[in-house]
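See structure below.
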Amino acid sequence: MAQLSKKELLEEAKKQSEMLERIGRWRTYSMVVSAIGVVVAYMGFTGSFYPVIVGAAGVVIILAGLGFAAFCNFGIRTGRENVERILNAAQKSE
């Protein structure tokens, strides 16, 4: 594997940091989806218009949103570790 210069390493760390910010926004959106799922589930289970179907759909929406948020959290955690490794490698290449 070829050695990267300090400039290339810092550029890669910057790109990955920008992507981590984007993933953080996706995580926020997934939490909004989960909140919408709570509203749909509540309306379904307390309403009279196909309560079980709408309520179950709400629960599925909640679980999908929370699952995607957990996936984003995992990506952010490992991404931060990777950026830290890149920055350490850049410091060693001085």
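Assorted remarks:
- Angle in degrees between helix 51-92 and the longest Cα principal axis of the chain, rounded to the nearest 10: 10 degrees
- The mean of 1/r over all pairs of different alpha-carbon atoms in the chain, once inverted, gives a Kirkwood hydrodynamic radius of 15.6 Å.
- Ala70 paired with Glu18, simple spin-label distance in nm, labels 7 Å along Cα-to-beta-carbon: 3.2 nm
- Stretchable slack from Arg80 to Met31, in nm (0.36 nm times residue separation minus alpha-carbon distance): 15.6 nm
- Restricting the GluC sites (Glu not before Pro) of the range 1-58 to loop positions (DSSP other than H, G, I, E, B) with no more than 15 neighbouring Cβ atoms within 10 Å leaves nothing.
- Sparsely packed loop sites in the range 46-93 (the trypsin sites (Lys or Arg not before Pro) outside DSSP H, G, I, E and B with at most 16 other Cβ atoms within 10 Å) do not occur.
- Label point distance in nm, Glu8-Tyr50, each placed 7 Å from Cα along Cα→Cβ: 5.6 nm
- The range 9-69: trypsin sites (Lys or Arg not before Pro) in DSSP coil with no more than 11 other Cβ atoms inside 10 Å: none
- Cβ crowding within 10 Å ranks Val59, Val40 as Val59, Val40, fewest other Cβ atoms first.
A short reminder: the numbers here are calculations on the coordinates, not readings from a lab. Source: prediction; values computed, not measured. Positions of Cβ are generated from backbone atoms using ideal geometry, with glycine treated the same way; all protein chains shown enter the neighbour counts.
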